[in-house]
1. Taking strands (runs of 3 or more DSSP E) that fall entirely within segment A:131-176, which contain at least 2 residues that are surrounded by fewer than 16 Cβ atoms within 10 Å (Cβ to Cβ)?
2. Filter segment A:199-220 for residues that are without any contact (Cβ under 8 Å) to a residue 60 or more places away in the chain and not acidic (Asp, Glu) and give the result.
3. Take A:Ala62 and decide whether it is under 15 Å from the mean Cα position of the chain (by Cα), more than 14 Å from every other protein chain (Cβ to nearest Cβ) and small (Gly, Ala, Ser).
4. Considering segment A:5-32 alone, what residues qualify as being farther than 14 Å from A:Thr73 by Cα, buried (at least 18 other Cβ atoms within 10 Å of the Cβ) and among the charged types (D, E, K, R)?
5. Kindly provide the set of residues from segment A:193-218 that are facing chain B (nearest Cβ under 7 Å) and in a helix (DSSP H, G or I), ordered by number.
6. Name every residue in segment A:193-212 that is closer than 13 Å to B:Ser17 by Cα and among the charged types (D, E, K, R), in order of residue number.
7. Counting residues that are within 30 Å of B:Lys27 (Cα to Cα), which helices (runs of 4 or more DSSP H) fully inside segment A:1-85 reach at least 2?
8. I need the helices (runs of 4 or more DSSP H) fully contained in segment B:1-85, keeping only those with at least 2 residues that are closer than 30 Å to A:Glu55 by Cβ, more than 14 Å from every other protein chain (Cβ to nearest Cβ) and not β-branched (Val, Ile, Thr).
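Nothing in this text is a laboratory measurement; each read-out follows from the coordinates by a stated rule. Because the structure is a prediction, the values reported are computed rather than measured. Cβ coordinates were reconstructed from backbone atoms using ideal geometry, including for glycine residues, and neighbour counts include every protein chain displayed.
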Amino acid sequence: MEFKIRLAGVNIAVSSIYDEVFRLCRDYLTDGVPDCCISPAPADIALERVKNMREAETEGIAPVEYPAPYLETLAVYRRIAAQMLERDTLLLHGAAVAVKDRAWLFTAPSGTGKTTHIRLWLDQIEGSYVVNGDKPLIHIGEDVTVYGTPWAGKEGMQKNVGVKLCGIVFLERGAENRIGRTTLLQSLPLLIQQSYRPNDKSGTEKALALIGKLGSRVPLYRLQCNMRPEAAWTAYRKLSTDTD
Amino acid sequence: MKLAVEMAVMELDGEISAVAVGEDSAKFHGMLRLNEPAAAIIRMLTEDTTPEQIHKTLCETYADSAPEEIAGLLADFLAQLKAEGLLLE
């Protein structure tokens, strides 16, 4: 199936084996002239299957046998993420939430509570919305912009927008709610771990350089929080005040 | 000897770090924080070499330091890499 999508300001022609990618991308279709083409092969799907098995093994959980159409959606995004690096755009695992024209990205290892936290924002902070709940793209130029994408995790929380990124928040569980600034050097290991990095050395070095640029252009925070509504207010008060 | 994993090196605000590349990141999840001589050693270890060759190169680069001191630091660093499973001998 052939179609075109626009992600992070880039037009991409996709030629997929299954229809699932098209259904996933329906909010991002475009008629624009493609800047690049993505055409996953059966070998890419097989590679995603192996990666999923390995990840399950690493995390010590039972592997899930995902269907090929779903695995193809992962393969397509992996290829897109590789192309995006050439355009100073990085895929970062995290949940980006915005209020009006300002966005903040919450990142943490899976299972820490990113989704729970941004749900608190949606409940508590008037006008807040999710740019992408799992795998947004971030363009690092003069300004840093976070973009919605169709790849938005189990909950599918996403919006086809690009919003100025005003901070990256490293989220941890805590008994009390507390937020403060952190440094790039302190947060670098987690920032690297949460970023997409290609399989080759030059691609990895490009990603690392972009991560460094991102961390030096956007304020970084460490948030310890619980699951109570005050957690959203603790974060929002600090983040919005710093951005004013 | 050489590195057991392929590593990419980045420099940020004078701090040098190295992370494993691609599939090798499954073998080594962490990040090495390096000073300049350690980064030079990591770069040399991307290809098959010997402790003697590394020592010779370091002595040429850091001519102000005593060769014995360099040898001691080199031995310590290689031992650390070995303990992390990052060195193939």
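1. A:162-173
2. Step one: list which residues in segment A:199-220 are without any contact (Cβ under 8 Å) to a residue 60 or more places away in the chain, which gives A:199-202, A:204-205, A:208-209, A:212, A:215-216, A:219-220.
Scanning segment A:199-220 gives A:Asn199, A:Lys201, A:Ser202, A:Thr204, A:Leu208, A:Ala209, A:Gly212, A:Gly215, A:Ser216, A:Pro219, A:Leu220.
3. Values: under 15 Å from the mean Cα position of the chain (by Cα): no; more than 14 Å from every other protein chain (Cβ to nearest Cβ): yes; small (Gly, Ala, Ser): yes.
Spelling it out, it is not the case that A:Ala62 is under 15 Å from the mean Cα position of the chain (by Cα), more than 14 Å from every other protein chain (Cβ to nearest Cβ) and small (Gly, Ala, Ser).
4. A:Arg6
5. Matches in segment A:193-218: A:Lys201, A:Thr204, A:Glu205, A:Leu208, A:Ala209, A:Gly212.
6. Matches in segment A:193-212: A:Glu205 only.
7. Values: elements: A:20-24, A:42-59, A:68-85.
Passing ranges, in order: A:42-59, A:68-85.
8. Values: elements: B:36-44, B:51-61, B:67-83.
Filter on segment B:1-85 gives B:67-83.
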